[in-house]
Amino acid sequence: MLDAASSFISENFLTLKKRPNDRTIVKVGHVSIGGEKAVVIAGPCSVESKEQVIETALAVKRSGAAILRGGAYKPRTSPYDFQGLGLEGLKLLKEAGDRAELPIVTEVMSEEDLPIVCDYADMIQIGARNMQNFALLKKIAKIRKPVLLKRGLSATIKEWLLAAEYILQGGNERVVLCERGIRTFDNSLRNTLDLAGVALVKELSHLPVIVDPSHATGKRSLITPTAKAAIAVGADGIIVEVHPQPEKALSDSAQQIDFNEFENMMQSLKKPLRELL
Ligand code: PEP
Ligand code: MN
């Protein structure tokens, strides 16, 4: 079943396809990820205030997003940067999700915060920096919530799938993988988006795979083209950072798009690819 490039993983692993058409559909509230339709998850990098997150939730819903994102516990490179609103942020995100009738996804950074995050979130995000936090993965395996597992900053496809394997093997089969760019020699963008890796993982694994053009590029003007490329390559959806005033955002300002840009991105995702001569 596996070709030479992919034979690094035992066929017994739970994340791998047993048959060519094996597909897992992960339900988040009423939303299916991995089915016929591509799913758009959108919202701010960080929950900053009630107005900000509610306004964003209503705007992305209006443009067609199916799930609301927003960070309350933020993994920041510098301890002097905004660390997120914590529990207050979770409450605001939940309120915004309820108002817009959207399920919510948010990151958990530690085992300690897992129970409280589970009380509020419909889907739990494991961030890139925690992809190999094995103690956290083992705890995540025991919860009854869907999980968004981001690819680590410098993780190989094998390491990423093995991280997912921890969760499945421990008893939670509701895992969605997320390619968010990896570190390479090229520093002209924040990261390098591994689109071929997305196609490879779709071939190897039955799990849904989505793409995060925001963290993959770090650059507002590249969100739409990379989102289109993600869908074209077979991703089951995208997760995009949206902010009412991106230039004032407390985190990831350069990569967040405003409501207008989000609406335009959604319109261009609906257009067919360029015709061939
Ligand atoms: C995020 O989604 O805001 C985030 C911190 O993502 P990543 O873990 O991919 O860097
Ligand atoms: Mn971010």
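Tell me, which helices (runs of 4 or more DSSP H) lie completely within segment 164-277 with 1 or more residues that are touching a residue at least 60 places away in the same chain (Cβ under 8 Å) and out of contact with any helix residue (DSSP H, G or I) (no Cβ under 8 Å at 6 or more places or on another chain)? Write out each step before concluding.
On the way: elements: 195-204, 213-217, 223-233, 259-270.
In segment 164-277, no matching helices (runs of 4 or more DSSP H) lie anywhere.
Taking into account only those residues within segment 150-163 that are more than 16 Å from ligand 2 (Cβ to nearest atom) and either within 18 Å of L114 (Cα to Cα) or assigned to a helix (DSSP H, G or I) (or both), which is most open to solvent (accessible area, probe 1.4 Å)? If you could, list the steps in order and put the result at the bottom.
Going residue by residue through segment 150-163, those that are more than 16 Å from ligand 2 (Cβ to nearest atom) are 154-163.
Going one step further and asking which of them are either within 18 Å of L114 (Cα to Cα) or assigned to a helix (DSSP H, G or I) (or both), we end up with 157-163.
Working: I157: 19, K158: 86, E159: 68, W160: 0, L161: 1, L162: 57, A163: 1 Å².
That would be K158.
Can you work out which of the residues in segment 236-277 that are within 15 Å of ligand 1 (Cβ to nearest atom), open to solvent by less than 40 Å² (accessible area, probe 1.4 Å) and of a type in the set (G, A, S) is farthest from A199 (Cα to Cα)?
A249
Inside segment 80-145, counting only helices (runs of 4 or more DSSP H) that do not spill past its ends, which hold 2 or more residues that are within 18 Å of the chain's Cα centre (by Cα) and surrounded by 23 or more Cβ atoms within 10 Å (Cβ to Cβ)?
87-100, 134-140
Going through segment 174-192 one residue at a time, which ones are among the aliphatic types (A, V, I, L, M) and surrounded by 24 or more Cβ atoms within 10 Å (Cβ to Cβ)?
V175, V176, L177
Does segment 203-214 contain at least one residue that is open to solvent by 40 Å² or more (accessible area, probe 1.4 Å) and either under 18 Å from the mean Cα position of the chain (by Cα) or within 16 Å of ligand 2 (Cβ to nearest atom) (or both)?
Among the residues of segment 203-214, not one is open to solvent by 40 Å² or more (accessible area, probe 1.4 Å) and either under 18 Å from the mean Cα position of the chain (by Cα) or within 16 Å of ligand 2 (Cβ to nearest atom) (or both), which makes the answer no.
With respect to the numbered conditions (1) buried (at least 19 other Cβ atoms within 10 Å of the Cβ); (2) more than 16 Å from ligand 2 (Cβ to nearest atom); (3) more than 16 Å from the chain's Cα centre (by Cα), which one is the sole condition not fulfilled by G171?
Of everything listed in (1) buried (at least 19 other Cβ atoms within 10 Å of the Cβ); (2) more than 16 Å from ligand 2 (Cβ to nearest atom); (3) more than 16 Å from the chain's Cα centre (by Cα), G171 misses just condition (1).
The values are calculated or read from the model by the stated rules, or taken from the named source; none is laboratory data. Everything quoted here is computed from the prediction, not taken from an experiment. Cβ: placed from backbone, ideal geometry, glycine included. Neighbour counts: every protein chain shown. In case anyone asks, the SASA skips ligands and DNA or RNA and just uses the protein heavy atoms, side chains included. Shrake-Rupley method; radii C 1.70, N 1.55, O 1.52, S 1.80 Å.
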